[in-house]
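Read the structure below first, then the notes.
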Amino acid sequence: MHPAFSVILLTTLIGAAQGLFLALFTAQSYAAFKLLPQPDAHAFYGQGSLLALVLLVAGLGASFFHLGHPERAWRSAAMWRTSWLSREVIVLPAFMGVVFLYGLAHWLNWHPVLTTLPGELPVDPTAILGVAGTLFAFALFICTAMIYACLKFLSEWHSPLTVINYILLGGASGFTLAAAFASVTAPELVSFLAGWAAIITLLGWIGRSASLYRNARLKPKSSLQTAIGIKHPRIVQKTQGFMGGSFNTREFFHGQPVAVLRAVKWFFVLAVFPLPLLLLLSGMQGRTGLLVAAFAVQYAGLLAERWFFFAQANHPQNLYYQSIA
Amino acid sequence: MTQLALVIDLNVCVGCQACVTSCKEWNTAGSAGPMVDQNPYGADPTGTFFNRVQTFEVGEFPNTETVHFPKSCLHCEDPPCVPVCPTGASYKRKEDGIVLVDYDKCIGCKYCSWACPYGARELDEQQQVMKKCTLCVDRIYDTSMTEDDRKPSCVKACPTSARLFGDIHDPQSAVSIAIRESGGYPLMPEWGTHPANHYLPRRKTRIKIHEDELERADNPLKVDRQLPRPAMNEPTLDDVTTW
Ligand code: SF4
Ligand code: SF4
């Protein structure tokens, strides 16, 4: 497939935002159970939500560049019963709304005790919004990943690993960002967040390696024989029916030599996993520079990872577009 | 239920591209139009077509066959392109099974084209909406045309009658009979899309001739046996060579 920059930005930016929100609320939950010190809520949760929101808006903005008719985008909420894309279009703004309210409640220090859980645990609006946001964050990961995973013709994507990796990679970049952000606003949480970021990055490494391993061994289900229905071992296309390009030759081919594909793969495998891990572990004590570098490197790696994700997917329609002459 | 479809006979298609041009001509002026080309006279012309004719070579020289292969939306009975569309712009008509795009609803997200294994959908670069074969829906029901003209443009144009059009759910229709009796098959059956369009395979016409059919056993002119019997590879003008 041809990797569209708008979609690469959308999925990586909102993934990081979802991970960041999950990190914020994880810290809040730990603090509620007194497993972590209480940070400055206004600065850490309030501004942290703002940061997540900025990423979400940027991602949403990028996604509009993918559409031929962005002014009609509202129509895409219609088919949520059948279309994962439609579901994403609904869940994304809903998640943005919850992140906004969550941040606002923290920003305004709005903590009326609504009820108490057994063990004298006070429940305030931020706790309820946090749980809702967590559910939406996971729902959004699932919607985004299922857009790709549900397409059975694209066997590189048609796997539960796609969903797992979207969750893990978004989570890893979000927790890394949270650690960098906490080094400025809530230093007492840095080692906790950096630790989790490292763990999720490690899990992501396993998940992505598994999908790389799987995809390298895929056998395409379709062949030229099934595509035109002629049972002969040797079929060559002599012409695809036109000499200039067409939508089919632009949208479904990445157009890069194998060497580029391989280089991108090695770059992302290094930049998403071991490098951020090293930086996270050495920045654990709250060295902002290292943690920011960890996020920057990991995010750059994720851009490459997403590019590769698209480029690697081989659409069966390509069988019909092999030869120009 | 009706399922309109094309049945394309690969045994007679000569790859003349007449269906390609007449499809483009009808549809650029019809309800699916315009289908504007970019850079039509330049070095790298491109544009939207509903129908493409491709050519494949089967076999190894010298035992090769050239197969011309017309390709358009197959109006799948279980179209994977429809449920993924977020706006509902892509739909399959209940009454005749034609898969269509509502150009006023389409947002040009291209997702449906990813979900079609056949590459049958093309985004119109000028209008930025998804387009594909409509089976000439603005033609086949047009009562201002004569009955004979109410067929897709490509079917009308084909000089060798390689394209049949009809209801594949009606067992008596010409298309159903062709599929049944000439080995019609769907493309990429492995994906369970159940394409409505079918293709008829290449066939070799072989006649088995038995030896006793080569000469007339009861030819009355031969009974006198006055002349020598001609060899098998000589002309057999009965009056001259009677034996
Ligand atoms: S051929 Fe492609 S576009 Fe046409 S109905 Fe089937 S899946 Fe949809
Ligand atoms: S490009 Fe148009 S028809 Fe295709 S999925 Fe998007 S909105 Fe639907």
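None of the figures in this text is laboratory data; all of them are computed from the coordinates on show. Remember, predicted model here, so these are calculated numbers, not experimental data. Glycine gets a Cβ as well: all are built from the backbone with ideal geometry, and neighbour counts include every protein chain shown.
Over the protein assembly as shown, what is the percentage of antiparallel beta bridges among all DSSP beta bridges, to the nearest 5?
If I count the DSSP bridges inside the protein assembly as shown, around 90 percent turn out antiparallel.
Across peptide B:38-49, what mean number of C-beta atoms from other chains lies inside 10 Å of a residue's C-beta?
Average neighbour count from other chains, rounded to a whole number: 3.
Label points 7 Å out from Cα along the Cβ direction at A:Ile324 and A:Asp40: separation in nm?
It is 6.1 nm.
Roughly how tilted is helix B:18-29, in degrees to the nearest 10 and between 0 and 90, from the longest Cα axis of chain B?
30
How big is D, in µm² s⁻¹, for chain B by Stokes-Einstein at 10 °C and 1.306 mPa s if Rh is the Kirkwood radius over C-alpha pairs?
For the chosen part, D equals 76 µm²/s.
Under 8 Å for C-alpha pairs, at least 6 residues apart: give me the relative contact order for region A:168-224, rounded to a whole percent.
Value for region A:168-224: 38 percent.
So, R0 is 51 Å and r is the distance between the beta-carbons of A:Thr116 and A:Arg81; what FRET efficiency does that work out to, to 0.05?
0.80
Please build a GNM for chain B, connecting alpha carbons under 10 Å apart, and tell me which residue among B:Asp44, B:Asp78, B:Asp212 fluctuates the most.
Its mean-square fluctuation being the largest, the pick is B:Asp212.
Please compute, for peptide A:67-77, the average count of beta-carbon atoms on other protein chains lying within 10 Å of each residue's beta-carbon.
Mean number of neighbouring Cβ atoms from other chains: 6.
Hey, can you rank B:49-61, A:226-238 by average C-beta count inside 10 Å, highest first?
Ranking, from highest mean packing down: B:49-61, A:226-238.
Debye calculation, C-alpha points only, no solvent: report log10 I(q)/I(0) for chain A at q = 0.11, 0.12, 0.16 Å⁻¹, in the same order as the q values.
-0.74, -0.85, -1.34
Could you calculate the FRET efficiency of A:Ile128 with B:Lys94 from 1/(1 + (r/R0)^6), where r is the beta carbon distance between them and R0 is 45 Å, rounded to 0.05?
So, using R0 = 45 Å, E works out to roughly 0.50.
Ranked by Cβ crowding within 10 angstrom, fewest neighbours first, how are A:Phe95, B:Phe69 ordered?
With the fewest neighbours first, A:Phe95, B:Phe69 line up as B:Phe69, A:Phe95.
For region A:109-160, what log10 I(q)/I(0) values come out of the Debye formula at q = 0.15, 0.24, 0.25 1/Å, with one point per alpha carbon and no solvent?
Treating every Cα as an identical point scatterer, log10 I(q)/I(0) equals -0.58, -0.87, -0.91.
On average over all directions, what projected area in square nanometres does region A:1-106 have, based on the convex hull of its Cα atoms?
Result: a mean projected hull area of 8.2 nm².
With a cut-off of at most 11 other beta carbons within 10 Å, and DSSP calling the residue loop, which chymotrypsin sites (Phe, Trp or Tyr not before Pro) in region A:1-79 qualify? Please list them.
The qualifying sites are A:Phe33.
Just tell me, in residue order, which DSSP H segments of chain A are both 24 angstrom or longer along the helix axis (alpha-carbon based) and at least -0.5 in mean Kyte-Doolittle hydropathy.
A:5-32, A:48-64, A:84-107, A:125-149, A:160-185, A:190-216, A:288-312
Quote the Stokes-Einstein diffusion coefficient, in whole µm² s⁻¹, for region A:169-325, based on the Kirkwood radius over alpha carbon pairs, a temperature of 37 °C and a viscosity of 0.692 mPa s.
Estimated diffusion coefficient is 181 µm²/s.
Multiply the residue separation of B:Phe61 and B:Thr143 by 0.36 nm, subtract the distance between their alpha-carbon atoms, and state the gained length in nm to one decimal.
Answer, rounded to one decimal: 24.5 nm.
Where a ≥ b ≥ c are the square roots of the eigenvalues of the C-alpha gyration tensor, would you call region B:1-82 rounded, which needs a/c under 1.5, or, failing that, prolate if a/b is larger than b/c, or oblate?
oblate
Report the extension gain between A:Ala94 and A:Ser282 in nm, rounded to one decimal, defined as 0.36 nm multiplied by the number of residues separating them, less their alpha carbon distance.
The span from A:Ala94 to A:Ser282 would gain 64.0 nm if fully extended.
Dipole of the protein assembly as shown, Cα-centred, from +1 at each Lys and Arg C-beta and -1 at each Asp and Glu C-beta, to the nearest 20 debye?
1180
Tell me what the protein assembly as shown gives for mean residue ellipticity at 222 nm when only DSSP H runs of n ≥ 4 count, each as -39,500 (n - 2.57), the sum divided by the residue total, rounded to 500 deg cm²/dmol.
So the helix-based figure for the protein assembly as shown works out to -14000 deg cm²/dmol.
Under the Kirkwood approximation applied to all pairs of distinct alpha-carbon atoms, what is the hydrodynamic radius of region A:286-325 in Å?
13.0
Taking each residue in B:184-193, count the Cβ atoms of any other chain within 10 Å of its Cβ, then average. What number comes out?
Partner Cβ neighbours, averaged per residue: 4.
Arranged by the count of other C-beta atoms within 10 angstrom, fewest first, what order do A:Ile324, B:Ile168 take?
The fewest-first ordering by Cβ neighbours comes to A:Ile324, B:Ile168.
So which of B:Lys92/B:Lys131; B:Lys24/B:Lys71; B:Lys71/B:Lys132; A:Lys221/B:Lys94; B:Lys105/B:Lys156 end up more than 20 Å apart by C-alpha?
Over 20 Å Cα-Cα: A:Lys221/B:Lys94; B:Lys105/B:Lys156.
Cut-off is 10 Å between beta-carbons; in what order do B:Thr160, A:Thr249 appear when sorted fewest neighbours first?
B:Thr160, A:Thr249
How far apart, in nm, are two points set 7 Å out from the Cα along the Cα-to-Cβ line at B:Arg150 and at B:Glu181?
2.5
Across 5 Å bins from 0, what is the distribution of all Cα-Cα pair distances for region A:223-283, in whole percents?
4, 12, 11, 12, 13, 13, 9, 8, 7, 5, 4, 3, 0
Can you tell me which of B:Tyr118, B:Tyr199, B:Tyr41 moves the most in a GNM of chain B? Springs connect C-alpha atoms under 10 Å apart.
Among B:Tyr118, B:Tyr199, B:Tyr41, the largest GNM mean-square fluctuation belongs to B:Tyr41.
Fully extended, how many nm does the chain gain between A:Leu270 and A:Leu202 (0.36 nm per residue separation, minus their Cα-Cα distance)?
23.3 nm
Loop only per DSSP, at most 12 neighbouring Cβ atoms within 10 Å: give me the trypsin sites (Lys or Arg not before Pro) in region B:181-210, ordered by residue number.
Filter output for region B:181-210: B:Arg203, B:Lys204, B:Arg206, B:Lys208.
I'd like the Kirkwood hydrodynamic radius of the protein assembly as shown, using the inverse of the mean 1/r over distinct C-alpha pairs, in Å.
Taking the inverse mean of 1/r over all distinct Cα pairs, the protein assembly as shown comes out at 27.4 Å.
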